[in-house]
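Report on one structure; see the data block that follows.
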Amino acid sequence: MNGNRMISLLKQVNAYLDQYGKEVMAAEDEDLTLPQSFLLGYLLESGKDEFCAAVICRETGLSKATVSGLFKELRQKGYIEMEFIPEDGRRKRILLTPKTLEARKRIRGLLARRRDCLCRGISESDLAVIENGLTQMSRNLKEEHNQIRRNRHDTNTAWTGRGI
């Protein structure tokens, strides 16, 4: 497959996925946005009672800014509570509220509909191949990103011999 075609298809899938999600949420008269339901779905599926934002970022691939913004919105809507961790005042513990637990079935249903729509007509074996390929693409981009950041840092902090 042509690399440019693959990138174009990934962008199209992402755009359609966003559009589909917005339409489903509006049709369901849902008070959650798609990103909020995705994050709540992740929290509900984890089986944990409390969470750390840094771990969520690492496991979901969402940026710190995105997770922080989603947490703020979810807290305002009453889906989560946040409390400082006494041992480390910089970190916060994220707790699910009864409202989230009551919405569990609805949230899972919305996410299942999106997944089913996305994967309709694709065999389990093909889905496994797609998942493996996307996982590797993600790793490749992450490694390249980290290498670029290291190179930029090394260039900015290189010893010039001046100023001694």
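Read the figures in this text as sums done on the coordinates, not as results from a lab. Just so we're clear, the structure is a prediction, and the values are computed from it rather than from any experiment. Ideal geometry is used to build each Cβ from the backbone, glycine not excepted, and the neighbour counts take in all protein chains shown.
Straight-line cross-link partners of residue 142 among the aspartates and glutamates, defined as a Cα under 20 Å from its Cα and at least 8 positions apart when in the same chain: 59, 131, 154. Number of Lys-Lys pairs in the range 3-120 with C-alpha atoms under 15 Å apart and a separation of 8 or more places or on different chains: 4. Using C-alpha pairs under 8 Å with a sequence gap of at least 6, the mean separation divided by the residue count of the chain gives a relative contact order of 18 percent. Be a star and scan the range 109-149 for residues whose amide nitrogen sits under 13 Å from the point 7 Å along the Cα-to-Cβ vector of residue 20. Under 13 Å, as judged by backbone N against the label point of residue 20, lie 110-122 of the range 109-149.
On full extension, the segment bounded by residue 42 and residue 129 gains 29.1 nm, given 0.36 nm per residue less the C-alpha separation. Rounded to the nearest 0.05, the FRET efficiency derived from the C-beta distance between residue 27 and residue 143 at R0 = 30 Å is 0.15.
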